[in-house]
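Presented below is the structure to which this report refers.
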Amino acid sequence: MTRRIIIDTDTAADDCFALLVGMCHPDAHLEAVTIVAGNVEFDQQIENALLTIDMAGRAGKVPVHPGCRRPMLRPWHRANAHGDGKGNWDFPRPAGRPETEHAVEALLRMVNESPGEIDIVAIGPLTNIAAAVVQDPEFPQKVRSLFVMGGCDNSVGNVTAAAEYNFYVDPEAARIVLRSGFQPTIVTWTLTLAQAVWSRERLRAIDALDTPRAEFFSIVNRPTLEVNETRGIRGSTHPDSLTAMLLVRPDLVTRASRCYVDVETQGELTRGYSLVDRRSERHAPNATVVDEIDAEGFFAAMVELLSKGRNA
Ligand code: BDR
Ligand code: CA
């Protein structure tokens, strides 16, 4: 079944590959991209999204809506892991240009036009999604599903020991979204480190595909790989493309838990910490946390996608 998808993204590195899933997977139809403040400079993120759309042969066919340029309450905090988000490479300027309609307006409009039909994949800080909820508290009920990349599973983060980047950057937005009734499916940093790290050997296999998509992947992926290796992670990390892939390939989820998830907004040391509480007698579940995936299947699905020609 083809999914109608909006990807809300701070487009850099693996976010680009999530966009490729949305544009190139046969069961996905990427209806729009909404940009949120996150990984790299906001305007660079817009260019990165437009570039990725060009690389997928979809120039001018997927609207890109710029959204919130900073978190709800806090200053912007860049991720120091992805260079400029496009491999620091001098690609030609993308042909497409961004829309004038704000991302939050676009999210509300598209979901209101097709209630119950749109899936949202949110792979940046949750500012745009939270702003949509603030404007329309019924928004969560009108969305078909929400897939979120964010937080940890009571485990060590990547920005601080307590917090993963997306939840750290805008913890208030994450809290609004988690408490709003979406019942999101969550891909955590914990799962990413356990099952979505691709070694240099795997990356060589992608390189060897020798297609324009694979070449784009290899260039854009390099800074993340190099930074990760300085941090003791033995490969590049793929949380965002995994999140997008699980929407269209739910069979890749081998274990998941219904549980209660909330985010620390006040902590002196724990800003953005995500509490995953599996004690259902204490709290009604508000999310599904992905515990385990078919990691080989995920890699194979991405290889399949990257092995196709630019316009396939
Ligand atoms: C998340 O932070 C970003 O740097 C990645 O794009 C991903 O969404 C991982 O913590
Ligand atoms: Ca991201």
Looking across segment 244-260 at residues that are out of contact with any Gly (no Cβ under 7 Å at 6 or more places or on another chain) and aliphatic (A, V, I, L, M), the single one that is surrounded by the most Cβ atoms within 10 Å (Cβ to Cβ) is Met245
Pairs returned, first residue in segment 56-67 that is surrounded by fewer than 21 Cβ atoms within 10 Å (Cβ to Cβ), second residue that is among the polar types (S, T, N, Q), beta-carbon separation under 7 angstrom, 6 or more apart or interchain, are Gly57/Asn311
**Message:** Within segment 111-121, does at least one residue satisfy the condition of being within 16 Å of ligand 2 (Cβ to nearest atom), under 30 Å from Arg144 (Cα atoms), aliphatic (A, V, I, L, M) and touching a Cys at 6+ places or on another chain (Cβ under 8 Å)?
**Reply:** no
Restricting segment 151-195 to residues that are on the phi > 0 side of the Ramachandran plot and more than 14 Å from the chain's Cα centre (by Cα), the one least open to solvent (accessible area, probe 1.4 Å) turns out to be Gly181
Pairing a residue in segment 94-122 that is at pLDDT below 95 with any residue that is surrounded by fewer than 16 Cβ atoms within 10 Å (Cβ to Cβ), where Cβ atoms lie under 6 Å and the two sit 6 or more apart in sequence or on different chains, gives Ala95/Ala59; Gly96/Ala59; Gly96/Gly60
Going residue by residue through segment 87-99, is there one that turns out to be within 16 Å of ligand 1 (Cβ to nearest atom), open to solvent by less than 10 Å² (accessible area, probe 1.4 Å) and under 19 Å from the mean Cα position of the chain (by Cα)? no
When every residue in segment 8-39 that is assigned to a loop (DSSP other than H, G, I, E, B) and surrounded by fewer than 23 Cβ atoms within 10 Å (Cβ to Cβ) is compared, the one nearest to ligand 2 (Cβ to nearest atom) is His25
Taking segment 196-206 and keeping only residues that are within 15 Å of ligand 1 (Cβ to nearest atom), aliphatic (A, V, I, L, M) and buried (at least 20 other Cβ atoms within 10 Å of the Cβ), one is left with Ala196
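The values are calculated or read from the model by the stated rules, or taken from the named source; none is laboratory data. Values in this document were obtained by computation on a predicted structure and should not be read as measured data. Neighbour counts are summed over all protein chains in view; Cβ atoms, including those assigned to glycine, are modelled from backbone coordinates with ideal geometry. Side chains included, ligands, DNA and RNA excluded: accessible areas come from the protein's heavy atoms. Shrake-Rupley method; radii C 1.70, N 1.55, O 1.52, S 1.80 Å.
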